[in-house]
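The values are calculated or read from the model by the stated rules, or taken from the named source; none is laboratory data. The structure displayed is predicted, hence computed values, not measured ones. Here the Cβ positions follow ideal geometry from the backbone for every residue, glycine too, while neighbour counts run over all protein chains shown.
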Amino acid sequence: METTHRCKHLVTKLWIPDHDPADGYSASTSSSSVRVHLEILWQLEHQWMNIASDGAASIISRSVVDSLALQLPLFDYQVFMSDHTSHQMLSGVLLSMGVDPNLHDRIIVKIVAYARSIQNLVSHMAAGMVFPLRAKIRLVTMHVRNERVLIDLATRESMIENEGRGNGMIPATDISIKALKTETILEGKSCTICLEELSGGSEVTVMPCSHVFHGSCIIRWLKQSHVCPICRFEMPTCSQ
């Protein structure tokens, strides 16, 4: 059983890389202002995240499905001082890179804001000097797998199946649930409620019939149905 939901995050990082002024960033006497060498890296990335039943989140894997870098021709730093001019220039660049137009404004605002934040640094540079600026923009699609949702779905489906067999949906008593024992298994098995693996060395909850499950799975189950989902062993109920 597999169920995920997806969400997208736009991650924008800007920085001034370390550079040697003699290595492609020399002064230009033909310009009366500081010039910018802007490089933009655009990435489309997928990440798969698992949220355990205890709420702990972890990244399972990630994959960059598309990546494109573009270096802009040198331009005057003053371009960043004009909202209209900077938007027009950067929007054209992002469009040529295949970036979704719906994302342009959010990206441009961050690039311009960063460029303006270093205005004090630029003001101390001599006319004609060039400084490099890099922007890394990632559109990350998160595929989130929630174990608690899986447990709820599996439990619900199993209970619907039980109803179809004519079994009464009577919960086990709280006392009998609390009395269940736990143990550490040596060999891997699977929890038949959520269908997830029970790896060797993990702690499980044991039913009186000796079948083992994730603790959270079997507790949720017994609070709604008093029978073992494997062998139909009956736990005590309030009506007994």
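Some values worked out for this structure:
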read-out: For Phe131: the one exception among (1) free of Cβ contacts under 8 Å to residues at least 24 places away in the same chain; (2) part of a strand (DSSP E or B); (3) crowded, with 16+ Cβ neighbours inside 10 Å; value: (1)
read-out: Residue in the stretch 161-172 that is modelled with pLDDT of 90 or more and surrounded by 17 or more Cβ atoms within 10 Å (Cβ to Cβ) present; value: yes
read-out: Count - residues of the stretch 214-229 that are within 17 Å of Lys181 (Cβ to Cβ) and either in contact (Cβ under 8 Å) with a residue 40 or more places away in the chain or outside the structural domain of Lys178 (by TED's automatic domain parsing) (or both); value: 7
read-out: Unique residue being within 24 Å of the chain's Cα centre (by Cα), on the phi > 0 side of the Ramachandran plot, modelled with pLDDT of 90 or more and not hydrophobic (A, V, I, L, M, F, W, C) when the list is Gly98, Gly55; value: Gly98
read-out: Residue match in the stretch 147-154 (condition: out of contact with any helix residue (DSSP H, G or I) (no Cβ under 7 Å at 6 or more places or on another chain), aliphatic (A, V, I, L, M) and either outside any helix (DSSP H, G or I) or modelled with pLDDT of 70 or more (or both)); value: no
read-out: Scope the stretch 95-120; condition surrounded by 11 or more Cβ atoms within 10 Å (Cβ to Cβ) and in contact (Cβ under 8 Å) with a residue 40 or more places away in the chain; matching residues; value: Met97, Val99, Leu103, Arg106, Ile107, Lys110, Ile111, Tyr114, Ala115, Ile118
read-out: Condition broken by Cys191, with the remaining ones in (1) modelled with pLDDT under 90; (2) farther than 23 Å from Gln47 by Cα; (3) out of contact with any Cys (no Cβ under 6 Å at 6 or more places or on another chain) satisfied; value: (3)
